[in-house]
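A.B. asks: Here it is: the structure, laid out below.
Readers should treat all values here as calculations from the given coordinates under stated rules, not as data from a laboratory. Quick caveat: nothing in here was measured; it's all calculated off a predicted structure. All Cβ positions, glycine included, derive from the backbone under ideal geometry; neighbour counts span all protein chains shown.
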Amino acid sequence: MELGLTAKRALVTGSSAGIGFATAVALAREGAHVIVNGRTAARVEAALAQLRKAVPEAQASGIAADVSGAAGCAQVIAAHPEIDVLVNNMGIFEPKPFAEISDADWLRFFEANVMSGIRLARHYVNGMRARNWGRIVFVSSESGVQIPTEMIHYGVTKTAQIAVARGLAETLTGTQVTVNTVLPGPTASEGVGNFVAQLAAGQGKDAATVEREFFSTARPSSILQRFATPEEVAALIAFVCSAQASATTGAALRVDGGVVRAIL
């Protein structure tokens, strides 16, 4: 399927690895000019090299900026004032018992996972509206629907992303600008891989055993019963960004491996 993204300018935050990188590759394959973002220049340059190896004809550039704060968002906007596709992928997570989540933790998570996307969308939506075309995607999580007891603060920020996207979509009624959230389930991203490796080392088990135990205890409702790959998630994100997804807006779209039992 031709996704109609040739020459579209696409910013993917947190795209030096994991779901963000896989999304950047998917969009580059569709002819979009992709802007790769990461916290450090070294990470961005390494990701660009890897992207160009995967897609030799890729049109790609990079911006090193920490968009978890206002200064980093402003840096990105200054470097790339106009884009056609915004994928708010950057996010943080950490398991922590509720009673140990401090005010500072709550604010840090809200700043990174919610305000980063709000700041960027608030700027870029104006140009999209003026051109009457654009795509804004918030990469949320199934945790926004089924709040995980092991990291309630993370789940709350993912629910907030769904709400922001729906509200923003409604302000764009009658335009060709769409706003959606994509809800991945447990995914073999860099952060998750490191987390599993640490658990395995601490418990004296191999990573495959820890993965099986995770799904049998923490996510027993999963139909997939394995971590999704970043590429599997990116395939849905790329479609939502496409011209072909013009009737999909204000939606929360699950690519969660069946973790969420609700049929709607």
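A.B. asks: For G62, enumerate residues with amide H under 5 Å from its amide H, sequence gap 5+ or separate chain, H modeled in the peptide plane.
C.D. replies: Sorted by chain and number, the residues that satisfy this are V36.
A.B. asks: With a ≥ b ≥ c taken as the square roots of the eigenvalues of the C-alpha gyration tensor of region 188-227, please select rounded if a/c is under 1.5 and otherwise prolate if a/b is larger than b/c or oblate if it is not?
C.D. replies: oblate
A.B. asks: I need the trypsin sites (Lys or Arg not before Pro) found in region 190-259, filtered to DSSP loop residues with at most 16 other beta carbons within 10 Å of theirs.
C.D. replies: Of the trypsin sites (Lys or Arg not before Pro), the ones in loops of region 190-259 whose Cβ has at most 16 other Cβ atoms within 10 Å are K205, R226.
A.B. asks: Which entry in (1) 75, 39, 38; (2) 53, 39, 38; (3) 61, 41, 36 is this structure's computed Cα extents along the principal axes in Å?
C.D. replies: Checking each listed value against the structure points to (2).
A.B. asks: Using packing as a proxy for protection, rank 175-181, 186-192, 56-62, 99-105 so that the peptide with the highest average count of other Cβ atoms within 10 Å comes first. If you can, show how the numbers build up before the last one.
C.D. replies: Working: 175-181: 22.4, 186-192: 19.3, 56-62: 15.1, 99-105: 9.7.
Highest mean packing first, the order is 175-181, 186-192, 56-62, 99-105.
A.B. asks: Only Lys, Arg, Asp and Glu count, each charged at its Cβ (+1, +1, -1, -1), so figure out the dipole size of the chain about its Cα centre, rounded to 20 debye.
C.D. replies: My answer is approximately 440 debye.
A.B. asks: Mean-square fluctuation check for the chain, GNM, Cα pairs under 10 Å: which of F110, F214, F138 is largest?
C.D. replies: Of the options given, F214 has the highest mean-square fluctuation.
A.B. asks: Using a Gaussian network model of the chain whose springs link C-alpha atoms within less than 10 Å, name the residue from Q146, Q225, Q203 with the highest mean-square fluctuation.
C.D. replies: Per the Cα network of the chain with a 10 Å cutoff, Q203 tops the list.
A.B. asks: Another question, then. Have a look at S140, S216, S15 and tell me which one the Gaussian network model of the chain (Cα, springs below 10 Å) gives the largest fluctuation.
C.D. replies: Answer for the Gaussian network model of the chain: S216.
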